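**Q** Quick one: the structure is below, and I'll ask about it shortly.
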Ligand SMILES: *Cc1c(COP(=O)(O)O)cnc(C)c1O
């Protein structure tokens, strides 16, 4: 039997091994340490922001930024419906209510005009909207050309969920540099990994200083343990930061491989009735995606369920797009603006194997199986 082809497997090698062993040998095995400091500086430098705060997850980064922005019971945070649950969960941790917004067809990212419209509607109703969290879906920046000035005008802080988008850019600006602050994730299957981890990025000194304090149980700067607000245990360990530094050295190489894989799919499927998300809009040449996951919808024929099942039978892991938040049982009471676009994408869209460790033979196998299923010659 052939090996199962996975969607996005982490890839580590001798560089990562060297960093992690160095961390172990140095004796800095506790949370914090020199690799954490260096990792923060390197990521901040790469994205072009003043501060980076290494944390135990991307969810923690969203949570702490929201707390600083004043999210609490009685406030609202506007969130794309098509995202990973973590974006909305972080809002709920603060006691605020997530309000969901539909996607746009061409890339599944939040519809920027509808996001602004939802804020205007909520404000007109007297609601206090403390943040909007556009998500850079599957490694493609949301439409900040509309969102940044629009939210600024409405007086609502923009928190960028760049968990999937390190290495992507829009125009000359890297993902992670938009809005008041941004969250990155280094979870196991993301564009690069620390096994588990995340980072909060910002140019705002106060925001990062506050989040840093919250992340270490809100310890006050006195000789004993003194607390004036509730804190969290959210820091990243020195060993994991070492792994992250190794991954960061190879980030461009890993992105290049994911891009190559996307290009192969695009070429192979060009005559088939499919649409690659983000590739259907030739006008938007300002987007430089990191190609974390290549996603497609079949224009006719098999829906997402059928594609996932048929590919699984061939030992190929193909997954559904994020199930919209407004369809999640846990958010059944939440408010949503629109919803039909992301429902349609969810019904027909799948993510293809996209990891940098895939061999050319494996990609060929994905292409062959997908072509057979889509053309019904199976
Ligand atoms: C992965 C992810 C997160 C959460 O990151 P973790 O490090 O897993 O906590 C948040 N938002 C989006 C869009 C993600 O894909």
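**Q** Which order do the peptides 146-157, 124-135 come out in when sorted by mean C-beta neighbours inside 10 angstrom, highest first?
**A** 124-135, 146-157
**Q** Let me ask something additional. If I model a spin label at residue 209 and residue 26 as a point 7 Å from the Cα along the Cα→Cβ vector, what separation in nanometres do I get?
**A** 2.6 nm
**Q** Mind listing the Cα extents of the stretch 251-375 along all three principal axes, in Å, largest one first?
**A** 46, 36, 26
**Q** Then there is this: Note down the nm distance, to one decimal, between modelled labels 7 Å out along Cα→Cβ at residue 285 and at residue 93.
**A** 4.2 nm
**Q** What's the FRET efficiency of residue 357 with residue 233 using the Cβ-Cβ distance as r and R₀ = 22 Å, to the nearest 0.05?
**A** 0.10
**Q** Quote the convex hull volume per residue of the chain, based on C-alpha atoms, as a whole number of Å³.
**A** 140 Å³
**Q** Related question: Tell me the Kirkwood radius of the stretch 190-311: reciprocal of the mean inverse pair distance over distinct alpha-carbon atoms, in Å.
**A** For the stretch 190-311, inverting the mean 1/r across all distinct Cα pairs yields 18.7 Å.
**Q** Further question: Going by average Cβ density within 10 Å per residue, which order do the peptides 345-357, 251-263 take, highest to lowest?
**A** 345-357, 251-263
**Q** Hey, could you grab the Kirkwood Rh for the stretch 224-276? Inverse mean 1/r over distinct alpha carbon pairs, Å, one decimal.
**A** After inverting the pairwise mean of 1/r, the radius is 15.5 Å.
**Q** For the stretch 92-205, take every pair of Cα atoms, bin their distances at 5 Å starting from 0, and report each bin as a whole percent.
**A** Final binned percentages: 2, 12, 21, 24, 20, 13, 6, 2, 0.
**Q** Oh, and also: Distance from a point 7 Å along Cα→Cβ of residue 372 to each backbone N in the stretch 306-341: keep the residues under 18 Å and list them by number.
**A** Label zone hits: 306-318.
**Q** Next question. For Cα pairs less than 8 Å apart in space and 6+ apart in sequence, what is the mean separation divided by the residue count of the chain, i.e. the relative contact order in percent?
**A** Computed over the chain, the figure is 24 percent.
**Q** In angstroms, what radius of gyration and Dmax does the stretch 98-147 have, counting Cα atoms only?
**A** When restricted to Cα atoms, the stretch 98-147 yields Rg and Dmax of 11.2, 35 Å.
**Q** Over the Cα atoms of the stretch 139-209, Rg to Rh with Kirkwood Rh, two decimal places?
**A** Dividing the radius of gyration by the Kirkwood radius yields 0.99.
**Q** Debye calculation, C-alpha points only, no solvent: report log10 I(q)/I(0) for the stretch 29-152 at q = 0.17 Å⁻¹, in the same order as the q values.
**A** Debye intensities relative to I(0), on a log10 scale: -0.94.
**Q** Taking only DSSP H segments of four or more residues, each worth -39500 (n - 2.57), what value at 222 nm results for the chain once the sum is divided by all its residues, to the nearest 500 deg cm²/dmol?
**A** Here the helix-only value at 222 nm equals -12000 deg cm²/dmol.
**Q** Still on this structure, I have one more. For a protection proxy built on the mean count of beta-carbon atoms within 10 angstrom, sort 11-24, 162-175 highest first, please.
**A** Per-residue mean Cβ counts within 10 Å order the peptides as 162-175, 11-24.
**Q** Quick check on the chain: of the DSSP beta bridges with both residues there, what percent are antiparallel, nearest 5%?
**A** Antiparallel bridges make up about 60 percent of those DSSP assigns within the chain.
Here, each number is a calculation from the coordinates, and none is a lab measurement. The shown structure was predicted, so the numbers you read here are calculated from the model rather than taken from an experiment. Every residue, glycine among them, receives a Cβ derived from its backbone with ideal geometry; neighbour counts consider all protein chains shown.
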